[in-house]
1. Within a 10 angstrom radius of the beta carbon, how do 237, 62 rank from fewest other beta carbons to most?
2. Among the GluC sites (Glu not before Pro) within segment 57-155, which fall in a DSSP loop and have no more than 15 other Cβ atoms within 10 Å of their own Cβ?
3. Using modelled backbone amide H atoms (1.01 Å from N, in-plane), which distant-in-sequence or interchain residues come within less than 5 Å of residue 48's amide H?
4. Once both axes come from the Cα atoms, what is the angle between helix 259-268 and the longest principal axis of the chain, in degrees from 0 to 90, rounded to 10?
5. Hey, what angle do you get for helix 206-215 against the long axis of the chain, alpha-carbon based, 0 to 90 degrees rounded to 10?
6. What is segment 112-250 by shape, rounded, prolate or oblate, if you read a ≥ b ≥ c off the alpha carbon gyration tensor as root eigenvalues and call it rounded for a/c under 1.5, prolate for a/b larger than b/c, and oblate otherwise?
7. As I understand it, the dipole of segment 156-272 uses +1 on the Cβ of Lys and Arg and -1 on the Cβ of Asp and Glu, about the Cα centre. Which of 187, 197, 249 lies farthest toward its positive end?
8. Please work out the FRET efficiency for the pair residue 67 and residue 198, using the Cβ-Cβ distance as r and a Förster radius of 25 Å; give the result to the nearest 0.05.
Amino acid sequence: MISRRQFIQGGSLVAAGLLAGCGSSGGSTSTTDTSADASSYTLVNEGKLTCISNLFFPPFESMNESTGDPEGFDIDISKELAKHMGLEVNWLPSQDFDTLVPTIKQGGKADIAIAGMTITDARKAEVDMSDPYVDSNQSIVVKATSTDTQDTLNDSSKTIAVQGGTTGAEWAQENLPKATIKPLSTVIDAMNGVQSGLYDAVVCDLPVSKYQIKQSYSDLQVIEEIPTGEQYGIAISKDNPGLTAAVNAALAEMVSDGTMAAIETEWFGSQM
Ligand code: ARG
C-alpha cells in the first residue's frame, strides 16, 4: 500500500510526447506542496469544481459554435478532474487571460483557472500552480505569402500581434524589441489581424498556431518554432493548498488510468 501522498510525489505528470520536438528543460518547474492535505479544501460552490479560462484558445479551450458551451482539451481535463475528485464541474463565462491569475488570487469566484497557462515564477508568486500537464513552445505566425523572418520582423516598420499578458507577449517584447508589439484580447483576434494584413505576425503558443492553421487559417504559416520549454499548469489560490494537492493527485491518477492519454488523442491525435 502506498499512501496517496507518496503516489503524488512519485508521479511524473509531463504529458510526454504530446508535442513533438519540445524540450522539457528550461522553463519552470513546479513544486508539490507535500504538507497539504488533499482531502481538505474549500470550494466556492459546494460539490462543484468552479472553473475559469479565456475561451478563445483552441484546441485547449473554445466555445462550441452552436451551443456556446466551453469545449476543448482543458475542458475535458476539468471534467475528468471533477470526476476523479467526486465533484461536478461548473464553468463560468470566458474572461480576459490577464484577469485569470488576479481572480484566483482574490478568491471567492472560481476554484481553478485552467487556460493553457504556462507555469512561470511570476505567476507562482501570486497563486499556486499544479504539476505540469502539457509541454508547449512558442511560434511566429505570418501570412503564407510572407517572406518575413524573425530578423526582418524585428524592425520599427513591423507590428506583432500577441494575446495580452501571455508568455508569447513577453517573448515578443524581449526578442523583437524594434517592432511594435500589439496586445489583443485573444489569439483569434491576432490571427484574424494577420490574415487581413493589419499586423505582420503573431507570436503565440505553438500547439495553438499549428492547430488553428490546420483547422481554419490555411493562408497563415508558422515560420519559427521557438523552444521555450514551457509547461502548462492549473492556477489555484495559495489559501487553498489542499485543493492543489487534490488536483495534483487527480492529475496523477489521470496519467496512470489512461484518461490523460485519451484526452491527448482526442484533441491532438490526428493533428500532431
Ligand atoms: N501559455 C501562454 C501563457 O501562459 C498562453 C495562454 C493563453 N491561454 C488562453 N486560454 N488564452 O501565457
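1. Listed from fewest to most nearby Cβ atoms, that is 62, 237.
2. Of the GluC sites (Glu not before Pro), the ones in loops of segment 57-155 whose Cβ has at most 15 other Cβ atoms within 10 Å are 65.
3. Amide H to amide H, under 5 Å and 5 or more residues apart or across chains, residue 48 pairs with 88.
4. Taking Cα atoms only, the helix is inclined about 20 degrees.
5. The two axes meet at around 70 degrees.
6. prolate
7. 197
8. Details: r = 30 Å, r/R0 = 1.22.
In this case the efficiency is close to 0.25.
Each reported figure results from applying straightforward, stated rules to the coordinates on display, with no laboratory input. Not measured: the values here are computed from a predicted model. Virtual Cβ from ideal backbone geometry, glycine too; neighbours counted across all protein chains shown.
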